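Reviewing the structure listed below.
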Amino acid sequence: MPPGASPPDLRADGPAGAAPYEGLTPDTILDALASVGLEGDGRLLALNSYENRVYQVWLDDGRVVVAKFYRPQRWSDEQILEEHAFAAELAEEEVPVVAPLVIDGATLLSAGGFRFAVFPRRGGRTPELDDSRVLEWVGRFVGRIHLVGGRREFARRPAIDIERLGREPVAFLLAADRVPVALRPAWVAAVDQALEAVSAAFDRLGSLRHCRLHGDCHVGNVLWTDDGPHFVDLDDACNGPAIQDLWMLLSGDRASMTRQFCDVLAGYEDFVEFDRRELGLIEPLRTLRLVHYSAWIARRWEDPAFPAAFPWFGTERYWQDRILELREQIAAMSEPPLGPV
């Protein structure tokens, strides 16, 4: 456990000792929708989601909607409602996000012991991020999200910070004995050095402008149609620097990422100026995401979907790979920031 860190709550961010969705049967889903006037015709399709449970639902009136059942104990009602309000604000500005439907004056609904929201179904395909025109188009819409998001910060939702995404996950993994004893010294040494480099990177930049972010703007949360991109899943919306919504659109070697970022920025800065200093946070933010990811899986292990999806988690090979990954990140953070742009 890092010096000065408080003992973690092993139940934090999710229920302990029980499968959180054990009671979420097809009948429960259909009854929940019926309770708000949406009568299903019996057809359900589970969509790809580990954190929440998301279903495409066919209704008797011919419509098709998407029902999202929130993971118990993850977000408070106020935090979910802030997410919904942000989505509605973006939609009002004609930013292409999928906002929840308002049903009887509410977006956050409850039935059968679960909280849920209902969304219109919006299809699409994975955008071709090797196309400079596509990257510029996506960049324009991220810029529009940040233009709206910059009006104020969230009051209830979290911020991008080292404690929440780095130190606390490390403390959790150690307290929960998730790291094999034989590999623990090497992993602790690597993760401590990596987080020191992350902290130094943030300290060098000093004060940065924060805004409301999508928070998880990877290619899987951007759907493409002939009319362009639209953004889904604001479940991780948070406060933070703009680069958080930009770096996950980049891939490949340094030269490739530089070209991609130039394309994204060409569209982004049609709406909002980007602080070039934030380029120094790409690798630190990637490091925090990697550390948090292991703790995220560990926290969800009582959910039967997780052992089935991540059978290799906890093996020595898994943690050997994480040690190597952290060492690579330490090296990457010692290099000059991405640029020029």
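Observations, loosely collected:
- Selection count, the range 134-159, where residues are within 11 Å of Asn239 (Cβ to Cβ) and assigned to a helix (DSSP H, G or I): 1
- Leu45 vs. criteria of a type outside the set (Ser, Thr, Tyr), modelled with pLDDT of 95 or more and over 15 Å from Leu101 (Cβ atoms): yes
- Condition met for Val272 (buried (at least 17 other Cβ atoms within 10 Å of the Cβ) and either in contact with a Phe, Trp or Tyr (Cβ under 6 Å, 6 or more places away or on another chain) or more than 17 Å from His146 (Cβ to Cβ) (or both)): no
- Taking the numbered list (1) within 18 Å of the chain's Cα centre (by Cα); (2) surrounded by fewer than 22 Cβ atoms within 10 Å (Cβ to Cβ); (3) under 18 Å from Asp270 (Cβ atoms) in turn, Pro158 passes all entries but (3).
- Qualifying residue in the range 252-272 (condition: over 22 Å from Cys217 (Cα atoms) and modelled with pLDDT of 95 or more): no
- Boolean, Phe119 is modelled with pLDDT of 95 or more and either touching a Cys at 6+ places or on another chain (Cβ under 7 Å) or not in a helix (DSSP H, G or I) (or both): yes
- Any chance Val181 is surrounded by fewer than 15 Cβ atoms within 10 Å (Cβ to Cβ) and not charged (D, E, K, R): yes
- Which listed residue is touching a Ser or Thr at 6+ places or on another chain (Cβ under 6 Å) and crowded, with 19+ Cβ neighbours inside 10 Å, from Ala99, Ala87, Ala117: Ala117
- Residue satisfying condition, being among the hydrophobic types (A, V, I, L, M, F, W, C) and surrounded by fewer than 19 Cβ atoms within 10 Å (Cβ to Cβ), within set Leu234, Leu288, Leu208: Leu208
- Reported count of residues in the range 44-80, each being over 14 Å from Val118 (Cβ atoms), in contact with a strand residue (DSSP E or B) (Cβ under 9 Å, 6 or more places away or on another chain) and part of a helix (DSSP H, G or I), is 1.
- Some residue of the range 289-299 being in the same structural domain as Ala176 (by TED's automatic domain parsing) and closer than 23 Å to Gly139 by Cα: yes
The values are calculated or read from the model by the stated rules, or taken from the named source; none is laboratory data. What you see is a predicted model; the values in this text were computed from it and never measured. Ideal geometry is used to build each Cβ from the backbone, glycine not excepted, and the neighbour counts take in all protein chains shown.
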